[in-house]
Structure formats: structure tokens, C-alpha cells
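> Take a look at the following structure, please.
Every read-out reported here was derived from the displayed coordinates using simple, explicitly stated rules and does not represent laboratory data. In this text, all values refer to a predicted model and were calculated from it rather than measured experimentally. Note: ideal-geometry Cβ built from the backbone for every residue, glycine included; neighbour counts use all protein chains shown.
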Amino acid sequence: MTLPAERVVAELPGLLRYALALTRDQDRAEDLVQDTVTRALERGEQFRGDSSVATWLHRVMYHRFIDGVRRDRTDPVDDEVLVRAVEDAWRDDDYTVDAEAVLLRAETRDELYDALVRLPVHYRSAVVLHDVEGLTSSEVAEVQQISLPAAKQRLRRGRTMLVSALAGGVERREATKGVPMTCWSARSRIDDYLAGELSLADRTMVEQHLAGCPTCPALYASIVGVTSALGGWRDPDSVVPARLAEQVRARLASP
């Protein structure tokens, strides 16, 4: 069965949402979508129609992303320390959260995303696939190629971690009450801010956030300091070893 190109195009909005949740970065998300579509079209003959086009494409994307994460070690795939801590908290009869504050934060898109991206990949993926994209637990299991009970467990754990992250965010936001922007929004703009590429409005918002946030100024200062140190690492008097130069010349001269 041939993979219908028009169905692939129809799934692009959902794929981009999923890619953003996985990568936590707009540029990386767009690259992942392109990579997924390319891979899917290259292997279109493998699509048998046993699952929906959406499920099949999300499975391709999930495994392309996981393969990249494991290769580059850019993101914790499964943070067992965090999982265990949340599980232990939820098992404690005295543990609770401020439901009103959690729901208020969940209703704010930036706040919800700020909490969601803190989840380990497997659990973040399960929650987004099921609760955002509307896949069933069976389809989540198919995407992640795990058993149905394992998929249901990841979904349950993902939801509990998300609620705890939102509850923790309420406490964290108390320390930044009245400060514009979330910390993630400010931190994701570090490069553009330092490069002078933000609009005046966004730059003003970042600076107001830095003026009132207890944690982000140190991160910004560290980025500036490390970047400066890396720039000073370049030695203008460095000399290419003769042996290396000769090897390069030989490679260039060979047919």
C-alpha cells in the first residue's frame, strides 16, 4: 500500500506540535518534521495500512528523535530519579497540591508548556500523543513500540509528573510574582537577546524578567562568560602541524 502524500501533508500541523514537545525548540522541531517526512516517503512501501497514517508518521518521528537523543545524549530519555520521586510523593497520603493554582497555570499556554517540557521524553511523548493529538493508548503503544500496559503506565506517570511540575511551578512563580514572561520563555531567547535580534518589545520583556527573576540572571551571565571564554580560546599564533598539513594536501591532490 502506497503512503498517500496528501495525508502526509494533512498531518503536518500535528507532527509539528509533537516535534515541538519532543525537541523543545522551534528550529529543531521543523528539522525533525522534515526528516520524518523524508524518511516516511523513502520507506512508503512499508506502510501497510494496518495503522492510521497519523500513527505511522508519529512512530517514525518518535524513533528518529529517540535515535538522535541516544546518539547525541542531548536529552534524558527516561529520568528514573524524577519518576521515582514523583511516584513516592503520590504514594504519600499527605501529599497534595493546590488544585486551583495548578488548573490556573494549566490554562496558560506558556505555563503549561513550561511544565510539559520538564518531563522525560518517553512520558512527555505519551502525554502529548494521547492528550493533545488524541491517539488511543493502543496507538501510543504502537508509536513507542511497547506493550499496552507499558503505554498506560507511561501515560499515568506522565500525567502525575505534569501535575507535580505545575504545582512546583506555582511555588516557583511565587518567587517571580509580577515578573513578565516565564523562565523558559526568557531562557529560550538567550541567543537572540545576546545577538541583538529581538524586537524592542521582546527585548524589554526579557530585561524586565531578568530584573525581577532570582534564577535567570545567573544563567544569562554564565552564557556570556562561557561564550567569552570560548572566544579567548582561539589562539592567533596556533600553527598547523606539518604532518597534518601534508596529509590534507595529499587528500586534496588524490582523485
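> I need the GluC sites (Glu not before Pro) found in the range 116-210, filtered to DSSP loop residues with at most 14 other beta carbons within 10 Å of theirs.
Numbers: sites: Glu133, Glu139, Glu142, Glu171, Glu174, Glu197, Glu207; in loops: Glu133, Glu197.
Loop-located and lightly packed - Glu197.
> Another question, if that's okay. Under the Karplus relation 6.51 cos²θ - 1.76 cosθ + 1.60, θ = phi - 60°, what is the ordered set of whole-Hz ³J(HN,Hα) values for the range 212-224, x standing for Gly and Pro?
Using θ = phi - 60°, the values come out as x, 8, x, 10, 6, x, 5, 5, 4, 4, 5, 4, 4 Hz.
> How large is log10 of I(q)/I(0) for the range 186-233 at q = 0.18, 0.29, 0.31 Å⁻¹ when the intensity is taken from the Debye formula with one equal scatterer per alpha-carbon?
With no solvent term, the Cα-only Debye profile gives -0.55, -1.10, -1.18.
> Also: Provide the per-residue ³J(HN,Hα) series for the range 115-130, in order, calculated from phi with Karplus coefficients 6.51, -1.76, 1.60 and θ = phi - 60°, each as a whole number of Hz, with x at glycine and proline positions.
Each residue's phi maps through the Karplus curve to give 7, 4, 6, 7, 6, x, 3, 4, 6, 4, 4, 4, 5, 5, 4, 7 Hz.
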